[in-house]
Amino acid sequence: MSNPFFKNHGPLTLSKVIKSLNINMDVKYIDKEIHDIKDLVSSTENDITFFHSKKYKDFAKKTKASFCITTNALKAELPQNCLALVVENVLVSTSAITTLFYPESINDNFDETASSINDTNFKDKVSFGKNVLIGKNVSIGKNCKIGHNTIIEKNVSIGDYCSIGSNNIIRNTLIKNNVRILDNCTIGKHGFGFFPIKNKNSRYPHIGLVIIEDSCEVGCGATIDRGSMSNTVIGKNTYLDNQIHIAHNVKIGENTIIAGQVGIAGSSIIGSNVKIGGQAGISGHLKIGNNVEIGGGSGVIRDIPDNMKVMGYPAKNIREFLRENK
Amino acid sequence: MSNPFFKNHGPLTLSKVIKSLNINMDVKYIDKEIHDIKDLVSSTENDITFFHSKKYKDFAKKTKASFCITTNALKAELPQNCLALVVENVLVSTSAITTLFYPESINDNFDETASSINDTNFKDKVSFGKNVLIGKNVSIGKNCKIGHNTIIEKNVSIGDYCSIGSNNIIRNTLIKNNVRILDNCTIGKHGFGFFPIKNKNSRYPHIGLVIIEDSCEVGCGATIDRGSMSNTVIGKNTYLDNQIHIAHNVKIGENTIIAGQVGIAGSSIIGSNVKIGGQAGISGHLKIGNNVEIGGGSGVIRDIPDNMKVMGYPAKNIREFLRENK
Amino acid sequence: MSNPFFKNHGPLTLSKVIKSLNINMDVKYIDKEIHDIKDLVSSTENDITFFHSKKYKDFAKKTKASFCITTNALKAELPQNCLALVVENVLVSTSAITTLFYPESINDNFDETASSINDTNFKDKVSFGKNVLIGKNVSIGKNCKIGHNTIIEKNVSIGDYCSIGSNNIIRNTLIKNNVRILDNCTIGKHGFGFFPIKNKNSRYPHIGLVIIEDSCEVGCGATIDRGSMSNTVIGKNTYLDNQIHIAHNVKIGENTIIAGQVGIAGSSIIGSNVKIGGQAGISGHLKIGNNVEIGGGSGVIRDIPDNMKVMGYPAKNIREFLRENK
């Protein structure tokens with residue numbers, strides 16, 4: 001959770017951190033300084049962490065964090081060095097605290113820091129079109145092209161030999177070398193993650209990035225959302241066709257080929273050398289193995305092991321699908 | 001059908017109104033002035049109305065309109081105060097007459113009235129990006145943001161505390177307060193409504209609006225078409241993910257959550273507290289109840305009563321779908 | 001394969017043409033000048049052609065080309081006037097040679113030739129918005145409108161009475177008369193065609209066009225890719241709704257109606273008077289007859305004969321589909 005792009009507003013005193021949570025707290029802790037909010041594994045003794053599901057109890061037992069947002073049912077799993085802060089809904093409370101440390105990660109208003117590339121140092125090293133805007137904290141490598149009306153918003157790093165087309169909007173994104181992005185893409189906006197609350201939903205922070213590895217191609221009209229607590233990753237030499245939607249925290253392997261209008265829901269992990277046909281949809285939190293082939297139009301709602309070919313809705317072995325649908 | 005945005009070119013004489021319809025008419029009526037074309041219920045004695053389906057006969061019996069476009073088979077349902085104008089195709093004739101009253105509602109050319117926000121009074125009250133354009137008949141409330149390259153075309157009203165991202169195009173739309181629209185959306189264009197005619201289809205008028213209620217969020221790449229004779233409505237605190245298509249006359253309730261790449265066809269009505277999974281499609285003219293859950297990838301082709309969970313194509317009870325597809 | 005838009009860099013000597021193919025060649029041919037690469041039928045004696053599948057053997061027998069890229073198994077079909085150049089993978093080799101003749105057809109970087117319409121002769125004959133850019137080799141007929149931020153990139157011909165909306169990007173496209181293109185479309189980019197190679201896919205050339213015939217309408221957010229070796233064609237008076245994806249080499253007939261979010265994969269041929277419901281998908285290399293109706297959400301994976309109504313995934317006779325899914 002250490003973060004290259006979102007400014008950590010810590011350290012904050014514990015009293016400030018838990019103010020919104022309505023927790024009674026021994027007065028001896030309230031001035032303790034908390035540096036960051038991190039997951040169970042990466043926390044240090046200066047951090048606060050969170051523990052919301054029994055699945056993670058082995059990590060919980062070993063956490064180095066001094067404080068942990070958790071429930072009554074789970075708190076016994078924590079080690080002695082870690083004080084449980086018991087709340088009703090761990091994720092809502094974690095969201096509230098992350099918002100304190102990273103207030104800029106909640107809402108994605110337009111980037112007011114973006115100004116004409118002609119007013120920046122990039123004007124001499126980048127080949128660019130009309131009306132290109134560049135935000136703060138942007139780096140661009142050598143031999144790059146940036147097309148007309150494209151907005152490289154804040155917190156973007158672009159490698160060497162990249163071709164970015166026209167009308168794109170990119171923020172909070174690491175683009176490696178030899179990457180090609182066509183036109184009309186929106187990359188790095190927050191994902192569709194929030195707590196549904198009547199009359200006023202509550203967004204949770206998205207402090208992750210989008211990472212696009214070497215030699216990828218992204219087709220026209222893509223939307224690729226940045227991660228919430230982890231990153232959204234497009235692996236090396238993976239090609240995306242037009243009108244594809246990649247939700248937050250998705251990770252795609254190398255040499256994968258994804259045809260038009262495919263959608264991949266949040267936190268799913270796609271292997272390497274995978275082929276996905278047009279308009280297929282993949283539900284959230286799934287694991288798709290390496291060398292998998294998914295037929296066009298499929299709806300994938302379960303994990304798929306390596307090397308399997310599937311088709312259908314819900315997706316099943318492709319031979320079975322075709323036999324049943326002669 | 002009273003209309004805040006499209007200028008009514010009436011009153012028109014009846015002879016002018018029915019000129020294109022090839023109707024023989026008692027000469028005593030031909031100079032009668034007609035103020036507007038409205039539906040059976042809202043018409044007054046100065047208006048012309050239309051009646052094309054037996055479904056509406058109870059409304060027809062009580063209409064206050066002095067003239068009604070209808071068929072030979074239906075005309076007997078009309079009250080004495082209302083003269084039947086018998087045509088072969090009621091909707092084509094209604095379309096032709098609406099075009100006379102609202103000629104600007106047929107074709108959506110680019111808005112030639114739009115000019116730089118720097119040349120308008122908004123420059124001092126709105127936080128805005130580069131290259132923002134504003135058309136005529138636009139109002140914007142307090143504390144609003146409008147991102148780079150966004151075009152607020154003619155006939156748009158934006159409330160307070162709204163955040164409009166970059167590269168959006170919006171026309172004929174009422175946006176209430178605390179609404180967030182991300183990037184690359186096209187909102188308020190005419191719907192996909194026309195009479196198919198060989199070699200030259202005939203568009204029918206779209207004099208409705210898009211209305212986006214308080215605290216909504218609209219994701220990247222949305223297309224939301226304005227209504228034809230009624231409005232397209234997104235209810236309070238409803239959230240739309242990326243790449244969603246909402247067709248003309250659709251009405252969505254409050255607190256509804258719609259995931260990426262969903263499409264809702266024309267005139268369907270979606271309840272409140274509904275959840276719709278990614279890539280689901282909903283056919284036109286359907287009624288989806290409150291608290292309904294629709295699984296990702298579903299194709300909904302029938303009405304769904306309140307509180308039901310469905311999945312599949314065609315969508316059915318989700319338990320049945322999962323049992324059949326273990 | 002004669003091409004109005006992509007410059008042919010021929011003639012090239014045969015030794016140059018086959019340099020990358022590792023072919024041993026009688027020295028008497030190596031200085032022979034090759035004018036172009038064409039298909040078996042249209043080649044003349046100055047051209048090189050390619051023959052990769054037994055399906056085309058009747059064309060191969062009659063080709064006028066002097067040289068032909070082919071395989072050991074197929075070479076016997078060629079006539080005496082045509083020398084076989086035997087390679088392992090005909091399409092990869094053809095791609096490499098086409099790249100030599102048409103190097104600009106491989107990568108679609110942003111159009112550096114585009115400049116403000118105010119600096120062109122079009123400023124007096126076209127009605128245009130703010131920030132409109134025009135590339136080289138563009139023609140525009142009379143009474144046309146081009147909306148704000150639209151980029152007419154290089155190699156575009158627009159007929160009379162066309163209305164192009166805002167935020168569009170168009171290249172390598174012939175638009176006939178009375179065509180309406182709404183907003184946010186990307187038309188004429190290369191298709192999703194490449195040879196998958198580990199760590200570095202190899203794109204093949206796209207020297208085809210997009211052709212949009214008279215009186216078509218293209219909705220918001222469309223992506224229509226140009227052809228690779230043939231053209232992508234939208235027939236007369238065909239209407240496309242919003243968010244439609246048309247892949248390379250697709251040919252659509254006249255008076256066809258395609259609803260929102262439909263996707264048509266590469267090289268499929270759609271007839272005239274066809275109706276396609278929302279979110280339907282059509283696989284590549286299929287033939288859909290005239291007067292066909294395809295229900296919303298369908299996944300079409302087989303050819304469909306004239307006059308048939310289908311629905312489902314995979315699509316089948318609509319009556320059967322509805323009976324099975326009561």
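The values are calculated or read from the model by the stated rules, or taken from the named source; none is laboratory data. Small disclaimer: the values here were computed from a predicted structure and weren't measured. No Cβ is skipped: glycine too gets one built from the backbone with ideal geometry, and neighbour counts run over all protein chains shown.
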### Task
Check A:301, A:294 and return the single one that is within 14 Å of chain B (Cβ to nearest Cβ), over 22 Å from residue A:188 (Cα atoms), aliphatic (A, V, I, L, M) and in contact with a Pro (Cβ under 6 Å, 6 or more places away or on another chain).
A:301
### Message
With farther than 23 Å from residue A:131 by Cα and in contact with a helix residue (DSSP H, G or I) (Cβ under 6 Å, 6 or more places away or on another chain) as the only criterion, which of B:134, B:69 stands out?
### Response
B:69
### Query
In segment B:212-244, which residues are of a type in the set (A, V, I, L, M, F, W, C) and closer than 13 Å to residue B:260 by Cβ?
B:218, B:220, B:222, B:240, B:244
### Query
Since residue A:81 meets every condition but one in (1) under 19 Å from residue A:204 (Cβ atoms); (2) part of a loop (DSSP other than H, G, I, E, B), which condition does it not meet?
(1)
### Message
On the basis of being without any contact (Cβ under 8 Å) to a residue 60 or more places away in the chain, more than 7 Å from every other protein chain (Cβ to nearest Cβ) and touching a Gly at 6+ places or on another chain (Cβ under 8 Å), does residue B:120 make the cut?
### Response
no
### Summary
Per the filter on segment C:38-74, residues among the aromatic types (Phe, Trp, Tyr) and surrounded by fewer than 24 Cβ atoms within 10 Å (Cβ to Cβ) are C:56, C:59
### Query
Mind checking whether some residue in segment C:184-191 is surrounded by fewer than 23 Cβ atoms within 10 Å (Cβ to Cβ) and within 11 Å of chain A (Cβ to nearest Cβ)?
no
#### Entry: residue B:108, sole failed condition from (1) without any contact (Cβ under 8 Å) to a residue 40 or more places away in the chain; (2) more than 29 Å from residue A:114 (Cα to Cα); (3) of a type in the set (Asp, Glu)
(1)
### Task
Output the number of the condition that residue B:161 fails; it satisfies all remaining conditions of (1) under 26 Å from residue B:130 (Cβ atoms); (2) surrounded by fewer than 24 Cβ atoms within 10 Å (Cβ to Cβ); (3) within 7 Å of another protein chain (Cβ to nearest Cβ).
(3)
#### Entry: Residue within segment C:204-214 that is touching a Phe, Trp or Tyr at 6+ places or on another chain (Cβ under 7 Å) and over 21 Å from residue C:156 (Cβ atoms) present
yes
### Message
Just checking, does segment A:126-134 include any residue being surrounded by fewer than 19 Cβ atoms within 10 Å (Cβ to Cβ) and either more than 12 Å from every other protein chain (Cβ to nearest Cβ) or in contact (Cβ under 8 Å) with a residue 24 or more places away in the chain (or both)?
### Response
no
### Query
When you look at residue A:167, is it under 19 Å from residue A:113 (Cβ atoms), within 11 Å of another protein chain (Cβ to nearest Cβ) and either under 19 Å from the mean Cα position of the chain (by Cα) or assigned to a loop (DSSP other than H, G, I, E, B) (or both), yes or no?
no
#### Entry: Every residue from segment B:302-326 that is at positive phi and over 27 Å from the mean Cα position of the chain (by Cα)
B:312
### Task
Scan segment C:177-193 for residues that are part of a loop (DSSP other than H, G, I, E, B) and free of Cβ contacts under 8 Å to residues at least 60 places away in the same chain and jot them down.
C:177, C:178, C:179, C:183, C:184, C:185, C:188
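Listed here are the residues, each with its yes/no results for (1) closer than 26 Å to residue B:307 by Cβ; (2) in contact with an Asp or Glu (Cβ under 9 Å, 6 or more places away or on another chain); (3) not assigned by TED's automatic domain parsing to the domain that holds residue B:315.
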residue	(1), (2), (3)
B:202	no, no, no
B:221	no, yes, no
B:231	no, no, no
B:238	yes, yes, no
B:248	no, yes, no
B:253	yes, no, no
B:256	yes, no, no
B:282	yes, no, no
B:288	yes, yes, no
## Note on the structure
Here the qualifying pairs (Cβ atoms under 8 Å; residues six or more apart or on different chains; first in segment B:194-221 and facing another protein chain (nearest Cβ under 8 Å); second of a type in the set (Ser, Thr, Tyr) and surrounded by fewer than 20 Cβ atoms within 10 Å (Cβ to Cβ)) come out as B:194/B:202
#### Entry: Options A:99, A:63; residue that is modelled with pLDDT under 95 and either farther than 30 Å from residue A:169 by Cα or away from chain B (no Cβ under 14 Å) (or both)
A:99
### Task
Give me a count of the residues in segment C:278-291 that are closer than 25 Å to residue B:279 by Cα and either more than 14 Å from chain B (Cβ to nearest Cβ) or β-branched (Val, Ile, Thr) (or both).
6
### Message
Only one of B:96, B:65 is within 21 Å of residue B:13 (Cβ to Cβ), among the aliphatic types (A, V, I, L, M) and in contact with a Cys (Cβ under 7 Å, 6 or more places away or on another chain). Can you tell me which?
### Response
B:65
### Cross-chain or 6+ apart pairs with Cβ under 8 Å, segment C:151-173 first and under 14 Å from residue A:148 (Cβ atoms) and outside the structural domain of residue C:125 (by TED's automatic domain parsing), then in a loop (DSSP other than H, G, I, E, B) and aliphatic (A, V, I, L, M)
none
### Task
Kindly check whether there is at least one residue in segment C:265-286 that is in a helix (DSSP H, G or I) and surrounded by fewer than 24 Cβ atoms within 10 Å (Cβ to Cβ).
no
### Task
Would you please name the residue that is surrounded by the fewest Cβ atoms within 10 Å (Cβ to Cβ), looking only at residues in segment A:250-261 that are within 18 Å of the chain's Cα centre (by Cα) and assigned to a loop (DSSP other than H, G, I, E, B)?
A:254
### Query
All but one of (1) at the interface with another protein chain (Cβ under 8 Å from one of its Cβ atoms); (2) on the phi > 0 side of the Ramachandran plot hold for residue C:143; which doesn't?
(1)
### Query
Identify, please: which residue in segment C:304-314 is within 11 Å of chain B (Cβ to nearest Cβ) and in a strand (DSSP E or B) and is, among those, surrounded by the fewest Cβ atoms within 10 Å (Cβ to Cβ)?
C:312
### Task
Identify all residues within segment B:89-115 that are under 19 Å from the mean Cα position of the chain (by Cα), surrounded by fewer than 21 Cβ atoms within 10 Å (Cβ to Cβ) and outside any helix (DSSP H, G or I); write none if there are none.
B:106, B:107, B:109
### Query
When both residues are 6+ apart or on different chains and their Cβ atoms are under 7 Å apart, which pairs have a first residue that lies in segment B:46-63 and is farther than 12 Å from residue B:76 by Cα, and a second that is assigned to a loop (DSSP other than H, G, I, E, B) and of a type in the set (Gly, Ala, Ser)?
B:47/B:65; B:48/B:65; B:49/B:43; B:49/B:65; B:63/B:43
### Query
Picking from A:100, A:74, which residue would you name as being without any contact (Cβ under 8 Å) to a residue 24 or more places away in the chain and closer than 27 Å to residue A:196 by Cα?
A:74
